[in-house]
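Some notes on the structure that comes next.
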Amino acid sequence: MLQQKNPKSALTQGRKSKRAIIYARVSTDDQADRGYSLPSQIEHCRQYAQRLGAEIILELREDHSGATPIGERPVGKELAAMVKAGSVDIIVIYQVDRLSRDIVDLLATVRMWLRAGVEIHTCDIGKIESELDIVLVIKGWQGSDERKKILERVMRGKAAKARDGKVTGGGVPPYGYRHLYDAHNRPLSFEVVESEAHIVRMIFDWYVEHHYSVKRIALELSKMRIPTPGENKGRFHRKRESGIWSGGRVLEILRSECYAGLWHWYRRIGTSGRFRASSEHVPIVVPAIIDRETWDIAQHQRKLNKIMSKRNVRLDYLLRGMVKCACGSARVGHFHNNHRYYDCVWRTNHNAQVEKKICHGRAVRADWLEGDFWAGLKDFFENYQRLEQLLRTAQEEQRTKQEPKRDELAAIEKLLADCEVDAQDCATAMRHAKGKILQSLELQQDEINARYDELTKRRETLIDTLSEHLSDSTVSEILHFARDVREGMENPDFETMRRNIERLKVVIVVN
Ligand SMILES: [Zn+2]
């Protein structure tokens with residue numbers, strides 16, 4: 001065991017070795033500062049100083065909060081004075097947070113002491129070269145916030161566990177696996193669920209060996225009514241019927257490396273559930289369901305398919321969002337054999353066959369449909385006089401049709417006026433009435449009120465219906481619009497055509 005050296009002996013030895021001061025600190029009133037006793041700190045520092053070959057000239061023990069700046073602590077003040085006087089070469093502390101828990105004070109002190117030519121050593125991180133030493137910064141930060149430090153320790157523990165090949169935390173294991181638990185009911189590792197693993201192998205086989213598309217695989221699985229991953233784990237609210245697979249689910253399985261025996265553990269940021277960057281994933285070896293080569297081929301194929309399909313994305317469809325199929329579903333742009341088509345979404349839905357709603361509508365060539373539509377539209381707007389005549393005729397027809405309703409409204413207005421007179425009379429009579437006469441007047445008043453309510457309701461309905469008519473201002477609005485559209489139709493580019501069509505809010509039904 002080392003003995004405490006006498007400072008005087010160091011001086012008399014002509015300073016062959018460096019003069020070291022050990023600074024140990026606890027804080028009995030600061031909860032965060034407990035944990036390292038003064039003797040244990042001193043012992044670690046002595047061993048460290050000995051390895052440096054330094055001579056310990058002083059051992060300082062302080063019981064004071066680390067949140068107080070060093071220069072304001074009784075013992076810290078002494079140390080600062082010795083640094084200033086140049087009577088020390090090395091300061092050894094157990095951990096950087098022993099020096100200060102205040103990050104600003106810590107960095108300022110370290111900077112000042114380093115400039116004074118003093119070496120600062122801590123038992124855990126060694127020699128501090130600069131106040132900007134990132135480790136120092138982190139340690140200082142940790143020291144300044146004990147809660148975060150504890151959290152960090154817990155996460156480190158989890159990451160270490162994950163590196164050991166142990167599965168950590170709750171969460172649902174991937175499709176094809178279930179958790180094995182330790183004695184404390186904590187998840188320990190994965191075990192293969194053979195019934196699901198069989199499906200996983202089938203999916204990879206279809207994809208890699210038979211070159212099925214993801215859609216086709218989803219269709220095959222749906223036909224077989226294989227329960228989906230979500231159904232098995234019971235974690236999703238289902239909109240579809242059971243056993244209907246989506247391409248996304250299939251893709252998720254094809255992408256997951258756990259089936260090749262490597263599961264990626266990751267921590268989430270806070271409670272937001274966002275994923276950390278893949279560099280922070282911890283790979284864990286789990287039982288493989290398929291061989292690595294098959295998995296690699298699947299990934300390669302996936303990338304290839306992605307590149308191939310990109311070609312179709314940016315094609316322009318003039319009638320995008322406006323074409324409907326006779327079956328009621330939308331028709332969307334579809335590129336096939338070098339031609340653009342508008343095809344029924346339901347017909348191309350891979351689950352259509354399973355759900356037994358099949359559309360027999362054929363895909364329509366986009367250039368034909370667009371050409372016809374544009375020509376018709378141009379024709380319609382170019383003949384301005386015919387358009388005006390059409391509108392006037394429609395206006396007249398509507399007016400004739402609405403005539404009886406207009407009469408009815410007039411009648412109702414009259415009845416309402418009568419009602420009001422009746423109510424007035426009734427109220428006047430009631431002021432002087434008593435006994436049975438009053439009772440009969442009250443009944444009469446109820447009847448008038450009921451009649452009034454009925455008439456008001458009917459009047460509102462009629463007003464609504466009549467307001468739907470094609471007024472003169474609406475007609476002139478349409479004609480104005482037609483002129484604008486027509487002017488925009490001279491040698492239009494795609495954008496102009498699209499803009500004009502959009503203004504019309506048309507829906508084209510394809511039979
Ligand atoms: Zn259809």
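By the scheme Lys and Arg +1, Asp and Glu -1, what is the net charge of all other residues having a beta-carbon under 14 Å from that of Val421? Before the final figure, lay out the partial values.
Details: positive: Lys414, Arg451; negative: Glu413, Asp418, Glu420, Asp422, Asp425.
Computed value for this residue: -3.
Which of Lys436/Lys457; Lys405/Lys457; Lys223/Lys303; Lys215/Lys303 have a Cα-Cα distance over 23 Å? Each step should come with its number before you reach the end.
On the way: Lys436/Lys457 32 Å; Lys405/Lys457 14 Å; Lys223/Lys303 27 Å; Lys215/Lys303 16 Å.
Over 23 Å apart, Cα to Cα: Lys436/Lys457; Lys223/Lys303.
How far apart, in nm, are the 7 Å Cα→Cβ label points at His184 and Arg302?
3.5
Is there a pair in Lys378/Lys401; Lys84/Lys127; Lys77/Lys127; Lys414/Lys434 whose C-alpha atoms are over 29 Å apart, and which pairs would that be? Don't skip to the end; give the middle numbers.
Numbers: Lys378/Lys401 31 Å; Lys84/Lys127 20 Å; Lys77/Lys127 22 Å; Lys414/Lys434 32 Å.
Checking Cα-Cα distances, Lys378/Lys401; Lys414/Lys434 exceed 29 Å.
What percentages make up the Cα-Cα pair-distance distribution of segment 383-470 when the bins are 5 Å wide from 0?
Distribution as computed: 3, 12, 17, 13, 12, 9, 8, 7, 6, 5, 3, 3, 2, 1, 1, 0 percent.
Using a 1.4 angstrom probe on the protein heavy atoms only, line up Trp245, Trp368, Trp374 by accessible area, largest first. Intermediate results must be reported in sequence, preceding the final value.
Working: Trp245 0, Trp368 155, Trp374 25 Å².
The ranking, largest first, comes out as Trp368, Trp374, Trp245.
The values are calculated or read from the model by the stated rules, or taken from the named source; none is laboratory data. Keep in mind that what you see is a predicted model, and the values were worked out from it rather than measured. In this analysis, Cβ positions are derived from the backbone assuming ideal geometry, glycine residues included, and neighbour counts consider all displayed protein chains. What goes into the accessible areas is simple: the full protein's heavy atoms, side chains included, and nothing from ligands, DNA or RNA. Shrake-Rupley method; radii C 1.70, N 1.55, O 1.52, S 1.80 Å.
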